[in-house]
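Report on the structure given below.
What follows is calculated from the coordinates using simple rules that are stated; it is not laboratory data. Everything numeric in this text was worked out from a predicted model, so none of it was measured. We place every Cβ from the backbone using ideal geometry, glycine too, and count neighbours over all the protein chains shown.
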Amino acid sequence: AQSVTQLGSHVSVSEGALVLLRCNYSSSVPPYLFWYVQYPNQGLQLLLKYTTGATLVKGINGFEAEFKKSETSFHLTKPSAHMSDAAEYFCAVSEGGYNKLIFGAGTRLAVHP
Amino acid sequence: EAGVTQFPSHSVIEKGQTVTLRCDPISGHDNLYWYRRVMGKEIKFLLHFVKESKQDESGMPNNRFLAERTGGTYSTLKVQPAELEDSGVYFCASSHTKSGEQYFGPGTRLTVT
């Protein structure tokens, strides 16, 4: 069965510091992988996705993630955090192409001055 | 282009009452998904419509939940009778068959007292 593990329910960084949000997945077939972000009082917004091809994918707002099959990981990074990045981030996987999403528990990112 | 909309944004009902949540997908999106996030837990899949047909309802928790999608347009999710454990945020998402990416609505926060 598919599953997603996000390490760390809360992550706190200083403004300008590296953001690293960890995601590991399990899937019996090649997965499609996603990162979504939820800002306060808003819905989920797609940050980036991996389907096939290049394993380093770039998304909106300077975020990127790398698909590492050998490590079953899809960690999200941003070189320099901004105050506006404070939100909750969700990693998700779908099997067999675009299909229902299986989500991790979410990581709440706090950015302090 | 209008995004996915959900109504109401908040609902507070008593145990045993009935509540109906509505989702209007993005125009032209054949796929419609319902998800739920119980407080502190991960977002979980409930069901998937393709046009007016239920493609996958494996995530529906029990027969107190009834989902419909009239004419392949908007969808409703009825909970009858509501129980305390039904409290949470209910998200709707839609996608176009070709592009596949799911676009989420802002969610309906349901509180059962």
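Before moving on, here are some points about what is shown:
- The separation of region A:33-92 from region B:32-92, counted between C-alpha centres, amounts to 26 Å.
- Value of relative contact order over chain B, rounded to a whole percent, pairs C-alpha under 8 Å and six or more apart: 37 percent
- Computed on region B:1-63, with alpha-carbon pairs under 8 angstrom and 6+ residues apart, the relative contact order is 22 percent.
- ³J(HN,Hα), Karplus 6.51/-1.76/1.60, whole Hz, each residue of region B:57-65, x for Gly, Pro: 10, 5, x, 5, x, 5, 7, 7, 9
- Around A:Gly16: net Lys/Arg minus Asp/Glu count, Cβ-Cβ under 12 Å: -1
- Most positive-pole-ward Cα, A:Tyr98, A:Ser84, A:Ala17, against dipole of chain A from beta carbon charges: A:Tyr98
- Fewest-first sequence of A:Lys100, B:Lys98, B:Lys44, B:Lys78 by Cβ atoms within 10 Å of each Cβ: B:Lys98, B:Lys78, B:Lys44, A:Lys100
- Think of chain B as a dipole: +1 on every Lys or Arg Cβ, -1 on every Asp or Glu Cβ, centred on the Cα centre; then among B:Pro8, B:Gly107, B:Asn62, B:Asn62 lies furthest on the positive end.
- Values of log10 I(q)/I(0), in the order q = 0.16, 0.18 Å⁻¹, for the protein assembly as shown under a Debye, Cα-only, solvent-free model: -1.12, -1.34
- Pairwise label distance in nanometres, B:Phe7 with A:Ser12, each label 7 Å out on the Cα-Cβ vector: 4.2 nm
- For chain A, a simple Cβ point-charge model (Lys and Arg +1, Asp and Glu -1, everything else neutral) yields a dipole of about 160 debye relative to the Cα centre.
- Within region A:6-113, GluC sites (Glu not before Pro) in DSSP loop having at most 16 other beta-carbon neighbours inside 10 Å: A:Glu15, A:Glu71
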